[in-house]
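Reviewing the structure listed below.
The values are calculated or read from the model by the stated rules, or taken from the named source; none is laboratory data. Values in this document were obtained by computation on a predicted structure and should not be read as measured data. Virtual Cβ from ideal backbone geometry, glycine too; neighbours counted across all protein chains shown.
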2 protein chains.
Amino acid sequence: MSSTDDLQANARIRGAAMDLFGKQGIRATTVRQIAQAAGVSPGLVIHHFGSKDGLRRACDEWMMAQITATKTAAVSGGGAMEAVFRAQNQFRPFYGYIAASISEGGEGADRLFEAMRRLTRDMFDVGVPAGILREPSDIDAMSTVLVALTLGATMLEGQLARHLGGEHLLDPEVMPRYSITATELFTYGIFADDTMLRQIQAAFAKPPPDGL
Amino acid sequence: MSSTDDLQANARIRGAAMDLFGKQGIRATTVRQIAQAAGVSPGLVIHHFGSKDGLRRACDEWMMAQITATKTAAVSGGGAMEAVFRAQNQFRPFYGYIAASISEGGEGADRLFEAMRRLTRDMFDVGVPAGILREPSDIDAMSTVLVALTLGATMLEGQLARHLGGEHLLDPEVMPRYSITATELFTYGIFADDTMLRQIQAAFAKPPPDGL
DNA sequence: CAAGATATTGAACATGAGTTCAACCGATGA
DNA sequence: TCATCGGTTGAACTCATGTTCAATATCTTG
């Protein structure tokens, strides 16, 4: 790294890669597309990152650095309610890339999912004593399921937004409807009582049939 | 189509395609892999379906036919609780393919998502009067969100299973933990009370900040 | 200023994947 | 029996993509 331009080229390439990876998927994004978006030649992309996979790894590492950098600030921040909010917003700027990275597998995917799972678990550790969150019977499983559900919904952002009357989740018409509905789901559930839950618990207690 | 062998070749190719598409993703699956799995030559795949995309369309249509064929039976079946169960199980055999198809976009993805959303909505129409399901304040949004969450979790089957102590969702160690946790989530939610919900509703009622 | 290193390019290469095509069965029917 | 037609093959073609490489520009440094 000699002057500022070098970093800018690196950063432009990485930024273009994260953007396109997130929007189109990693496999569907070509080195030439990234190069064009960054305003450089395809050869330079390889020169700086070794390979397309190296570029992907660089994206993973850069994002993790960004996240862990803001993580400490989030945990040390204000009240527990804010902590819950921040835990969700922590990854939001990277949701597109995370979804693509995880859905296409690979090494980085595991680390990413694990990081999100741990942060969600932290959310319970803070939110339950504060009286904001119910205590799940299996907190590890609940953290995992929550991350999978949230991430999965992000992968289906387009479908979600289309059915909620917009183009993207962040559209002012879509976001309120999604937020309120998701929060309602996470507040009251969908079942009228615990009949189904007891039924499933009983079903798995003895024989192994099929469940939700 | 002259004898039964012709149909068998067609069906073998389609079956191999649905299997591989679901396991590896559509783009990641090659015509040669499908041909080998079906025990035929790559040329025959194109001969029968015109192109790889034609094969994908054929998979979509065949699956939709299968689903709509069993749909009537499910709706007309026994009690409301069973109806809820069947609504979930309806698509289960095709979850892998559906997840791949939707996550990689395309025409069929929209139809698929819409079909699942409608079936989920039907589930509410049956389950709410029967006293099994809570009535959501926005039933269309809730149906959409539920489909997105469920489908998304399926896309992340590998990650889910790994964190729950197995390889696949259907593993006898994984399935109970996932089912019980998901049902617990859908029964009690995760919030201790409706503070968060009221807060979000209020936040979106007047100014447009940022939410869940 | 000189020299070496680094950034950058653009063309070329190798590989893999979708597709085409001419030839080869194998059954069906006159 | 023989001709015809659809199923089937496997090799070849085309194209996109990741990657390499020699050449050039730009910058740092002694």
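Observations, loosely collected:
- Residue within segment A:121-129 that is in contact with an Asp or Glu (Cβ under 9 Å, 6 or more places away or on another chain), facing another protein chain (nearest Cβ under 9 Å) and under 19 Å from B:Gly165 (Cα atoms) present: no
- Residue match in segment B:48-66 (condition: within 13 Å of DNA strand C (Cβ to nearest atom), within 14 Å of chain A (Cβ to nearest Cβ) and either at pLDDT 95 or above or not in a loop (DSSP other than H, G, I, E, B) (or both)): no
- Within segment B:33-48, being farther than 22 Å from A:Ile26 by Cβ and either free of Cβ contacts under 8 Å to residues at least 12 places away in the same chain or away from DNA strand D (no atom under 12 Å from the Cβ) (or both) holds for B:Gln36, B:Ala37, B:Ser41, B:Pro42, B:Gly43, B:His47.
Condition check ((1) assigned to a helix (DSSP H, G or I); (2) at the interface with chain B (Cβ under 7 Å from one of its Cβ atoms)) across all residues:
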{"position": "A:Gly131", "(1), (2)": "no, yes"}
{"position": "A:Glu135", "(1), (2)": "no, no"}
{"position": "A:Thr150", "(1), (2)": "yes, no"}
{"position": "A:Ala153", "(1), (2)": "yes, yes"}
{"position": "A:Gly158", "(1), (2)": "yes, no"}
{"position": "A:Pro172", "(1), (2)": "no, yes"}
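- Scoring A:Asp210 on the criteria (1) modelled with pLDDT under 95; (2) crowded, with 22+ Cβ neighbours inside 10 Å leaves a single failure, condition (2).
- For segment A:128-147, residues that are touching a residue at least 12 places away in the same chain (Cβ under 8 Å) and under 20 Å from the mean Cα position of the chain (by Cα) total 7.
- The lone exception for A:Gly166 - which of (1) under 26 Å from A:Ile102 (Cβ atoms); (2) touching a Phe, Trp or Tyr at 6+ places or on another chain (Cβ under 8 Å); (3) assigned to a loop (DSSP other than H, G, I, E, B) it fails: (2)
- Any hit, segment A:95-104, residues being within 8 Å of another protein chain (Cβ to nearest Cβ), out of contact with any Lys or Arg (no Cβ under 8 Å at 6 or more places or on another chain) and crowded, with 23+ Cβ neighbours inside 10 Å: yes
- Failed item, numbered, when B:Ala83 is tested on (1) over 15 Å from B:Ser143 (Cβ atoms); (2) modelled with pLDDT under 85: (1)
- The single condition among (1) within 7 Å of chain B (Cβ to nearest Cβ); (2) farther than 30 Å from B:Ala109 by Cβ that A:Phe191 does not satisfy is (2).
- Yes/no for A:Asp125 being modelled with pLDDT of 85 or more, away from DNA strand C (no atom under 16 Å from the Cβ), out of contact with any Ser or Thr (no Cβ under 8 Å at 6 or more places or on another chain) and assigned to a helix (DSSP H, G or I): yes
- Filtered residue count, segment B:18-33, keeping only those that are more than 17 Å from the chain's Cα centre (by Cα) and more than 8 Å from DNA strand C (Cβ to nearest atom): 1
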